1. Going through the range 218-240 one residue at a time, which ones are of a type in the set (A, V, I, L, M, F, W, C) and either within 23 Å of D87 (Cα to Cα) or assigned to a strand (DSSP E or B) (or both)?
2. Picking from A210, A181, A188, A205, which residue would you name as being closer than 30 Å to N248 by Cβ, free of Cβ contacts under 8 Å to residues at least 24 places away in the same chain and not aromatic (F, W, Y)?
3. Filter the range 96-115 down to the residues that are of a type in the set (V, I, T) and either buried (at least 22 other Cβ atoms within 10 Å of the Cβ) or farther than 16 Å from T81 by Cβ (or both) and list them by number.
4. May I ask you to say which residue of F88, F118, F55 is surrounded by fewer than 24 Cβ atoms within 10 Å (Cβ to Cβ) and either assigned to a loop (DSSP other than H, G, I, E, B) or in contact with a strand residue (DSSP E or B) (Cβ under 8 Å, 6 or more places away or on another chain) (or both)?
5. Look at the range 58-71 and say how many of its residues are within 16 Å of the chain's Cα centre (by Cα) and either part of a loop (DSSP other than H, G, I, E, B) or at positive phi (or both).
6. Among (1) part of a strand (DSSP E or B); (2) closer than 30 Å to S172 by Cβ, there is one condition T81 misses while meeting the rest; what is its number?
7. How many of the residues making up the range 102-114 are closer than 16 Å to V65 by Cβ and touching a Phe, Trp or Tyr at 6+ places or on another chain (Cβ under 9 Å)?
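Every read-out reported here was derived from the displayed coordinates using simple, explicitly stated rules and does not represent laboratory data. The structure presented is a predicted model; accordingly, all values stated were derived computationally and were not measured. Cβ sites come from the backbone with ideal geometry, for glycine too, and all protein chains shown count toward neighbours.
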Amino acid sequence: MTRVPRPLLVAFAAITATGFAACGGDDDTGAPAGGTNSTSATTSATSPAATPDPFRDYAALSYPVDLVDGDSIGKADAPVTLTLYEDFQCPFCLQLTLAYEGMLIQDYVKTGKVLLQFRHYAILGPESQAAATAAICVANQDKFWPFHHRLFLLQAREGQLKDEVLNKGRFSDVALREIAAQVGADPAAYDACIADPATLQRLQADARDARWLGLRGTPGVVIDGHALGGAPADEASFRRVLDAAIANK
């Protein structure tokens, strides 16, 4: 994969230094945590979640179905690939999604500048793994993006940004199957995928890739195969690093 030039990496490190905190597991291996080690997303003084009505904007977001390919969205020949490693229970992943996903879809994905990929780093316990497994299965039916949207909306409505709750039934198998049906996933195909050992192997492969990239928590931001050290401090910072990567092509 194309590597981001060192000057761009230095610039990105500078603009992420005061950005998001991260959710982490019990150790740096990427193994599932016991569900108590992440910190409320309200701790960041520069939190993008403090921008006007991020929940309202995210709730209204729609995804261009013609650009969807499983858990990727965008044109295959986009000059830059942006990969986000996330855990659906992580409040900082929720924070990043509410703050930036609409901008990414509207200004970079739809315009053909960026191919956006979602990868799973399910480190906060059994419901993180369950949600990731379900997401992989709906992605096989090209229902990932509305499913992902509903999971993060659920987290936002339940107050996950301010009052973190882990592994208490919000992402139970029954709840996830119901949400999958709501976005149009075929129940029989979904159930078969959940039981398929290949699904767990995909989940484990994402975790291995995250560790290889040096990610020790979520969210993880990766441009063209290079981990960039954390989430950006604000939208302007995110735009600068993406624009610089695009200009370098």
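1. V221, V222, I223, A227, L228, A231, A233, F238, listed by residue number.
2. Values: A210 fails: free of Cβ contacts under 8 Å to residues at least 24 places away in the same chain; A181 fails: closer than 30 Å to N248 by Cβ; A188 fails: closer than 30 Å to N248 by Cβ.
Step by step, each of A210, A181, A188, A205 is checked, and only A205 is closer than 30 Å to N248 by Cβ, free of Cβ contacts under 8 Å to residues at least 24 places away in the same chain and not aromatic (F, W, Y).
3. Residues of the range 96-115 that are of a type in the set (V, I, T), as a first pass: 97, 105, 109, 111, 114.
Correct list: T97, V109, V114.
4. Answer to the selection: F118.
5. 4
6. So T81 meets the others, but not (2).
7. 2
So that you can scan it fast, the table gives a plain yes or no per residue for (1) closer than 29 Å to A227 by Cα; (2) hydroxyl-bearing (S, T, Y); (3) in a loop (DSSP other than H, G, I, E, B):
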site: A131; (1), (2), (3): yes, no, no
site: R177; (1), (2), (3): no, no, no
site: G184; (1), (2), (3): no, no, yes
site: A207; (1), (2), (3): yes, no, no
